[in-house]
1. Which residue out of LEU200, LEU213, LEU220 is outside any helix (DSSP H, G or I), out of contact with any Ser or Thr (no Cβ under 7 Å at 6 or more places or on another chain) and touching a residue at least 12 places away in the same chain (Cβ under 8 Å)?
2. Output the residue which, of all residues in segment 75-103 that are farther than 17 Å from THR24 by Cβ and touching a residue at least 60 places away in the same chain (Cβ under 8 Å), is most open to solvent (accessible area, probe 1.4 Å).
3. Select, from GLU186, GLU130, GLU112, the only residue that is within 26 Å of ILE48 (Cβ to Cβ) and either of a type in the set (Lys, Arg) or in a helix (DSSP H, G or I) (or both).
4. Answer yes or no: is there a residue in segment 154-171 that is surrounded by fewer than 22 Cβ atoms within 10 Å (Cβ to Cβ) and more than 26 Å from GLU113 (Cα to Cα).
5. Inspect all residues belonging to segment 81-98 and state whether any of them is among the aromatic types (Phe, Trp, Tyr) and touching a strand residue (DSSP E or B) at 6+ places or on another chain (Cβ under 7 Å).
6. Can you tell me which residues in segment 33-66 are more than 12 Å from GLY78 (Cα to Cα), open to solvent by 60 Å² or more (accessible area, probe 1.4 Å) and either in a strand (DSSP E or B) or in contact with an Asp or Glu (Cβ under 9 Å, 6 or more places away or on another chain) (or both)?
Amino acid sequence: MVRYLYHNRLAVDIAGLKMKTPVTTASGTFGFGLEFTDFLDLEKVGAITVKGTTLAPRAGNKGQRVVETPSGILNCIGLENPGSDYFLKETLPKLRKYNVPVIVNIDASSPEEYGELAAKLDVKGVDAVEINVSCPNIKDGGLVFGTNAKSMAQVVKEVKKNTSKVVITKLSPNVTSITEMAKAAEDAGTDALSLINTLLGMKIDIYRQRPVLGNVTGGLSGPCIRPVAVRMCYEVAQAVKVPIIGMGGIMCAEDAIEFFLAGASAIAVGTANFVNPAIAETISLDILEYMDKHNIKKIQDMIGLALPGRC
């Protein structure tokens, strides 16, 4: 019965990316998926979003890279990953054994490099690419792509030009206007949006009188950012027509439902994976329970119910 409900009531289509449930995993919090197979049946997740992948291997940042904060964590991993060649040769063949879509988060230092990486990943077994635009544009003096609409649009266009896969642009919250960035990505051709990425923060050790993280600042995630994420999802849903994958501090079904009501068509679970490795499946089952209590037949029936004109 549960399998029937999964396929018929929770199924979503994100610009051609077909998911059995509306729950995926947030990049950087679920490894490459294979690390979680002792705790979770990967086929019970809507899609696997793998760790940020770059053309060449990256060692990541030096020093302490993760620290807890009230209701969240700060991280400055620095995109540590084995590189695209290793992913294609060693990781992807293992992921193909599971009947679940694979979304590859991609990172680069120039629009051209994003395009090159997208072309390299345009292979069987990769169902979508998620553009991480929170990376510095080396050609433009280190300006982060996701904080400049023109730079971000260039990246989206390069990726679209070089792949046949669904293109998702992951928006940074560290901007003046999230809707401006969302519309720029949509105009550039993105198929979908995911939001939000982490907020920029830092922690100081008052006894050492020094920053805790080796990189000084890091990305803040967890329940503490959820109200910001829900607000941004709500605003973006009114500004664009492409589907949205909402994320930011989702720890349970109730949190996920906020995003659906705010206009998201799917959600991604991040920090919660560190607390409960099986949380993605638990959230899906609890969403079904909520739908039963509120006489909601399909997940699509509650998307955007809190938006102006709907509530």
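1. LEU213
2. Of everything passing the filter in segment 75-103, LYS94 is most open to solvent (accessible area, probe 1.4 Å).
3. Exactly one residue qualifies, and that residue is GLU186.
4. Within segment 154-171, not a single residue is surrounded by fewer than 22 Cβ atoms within 10 Å (Cβ to Cβ) and more than 26 Å from GLU113 (Cα to Cα).
5. The answer is yes, given that some residue of segment 81-98 is among the aromatic types (Phe, Trp, Tyr) and touching a strand residue (DSSP E or B) at 6+ places or on another chain (Cβ under 7 Å).
6. Across segment 33-66, the qualifying residue is only ASP41.
This table checks each residue for (1) more than 22 Å from ILE14 (Cβ to Cβ); (2) surrounded by fewer than 24 Cβ atoms within 10 Å (Cβ to Cβ).
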position: MET181; (1), (2): no, no
position: ALA184; (1), (2): no, yes
position: GLY201; (1), (2): yes, yes
position: ILE206; (1), (2): yes, yes
position: GLY218; (1), (2): yes, no
position: PRO227; (1), (2): yes, yes
position: GLY249; (1), (2): no, no
position: ASN273; (1), (2): no, yes
position: ALA278; (1), (2): yes, yes
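The values are calculated or read from the model by the stated rules, or taken from the named source; none is laboratory data. Note that this is a predicted model, so its numbers are computed, not measured. When we count neighbours, we look across all protein chains shown, and the Cβ atoms used for this are built from the backbone with ideal geometry, even at glycine. Protein only, heavy atoms only, side chains kept; ligands, DNA and RNA dropped before computing areas. Shrake-Rupley method; radii C 1.70, N 1.55, O 1.52, S 1.80 Å.
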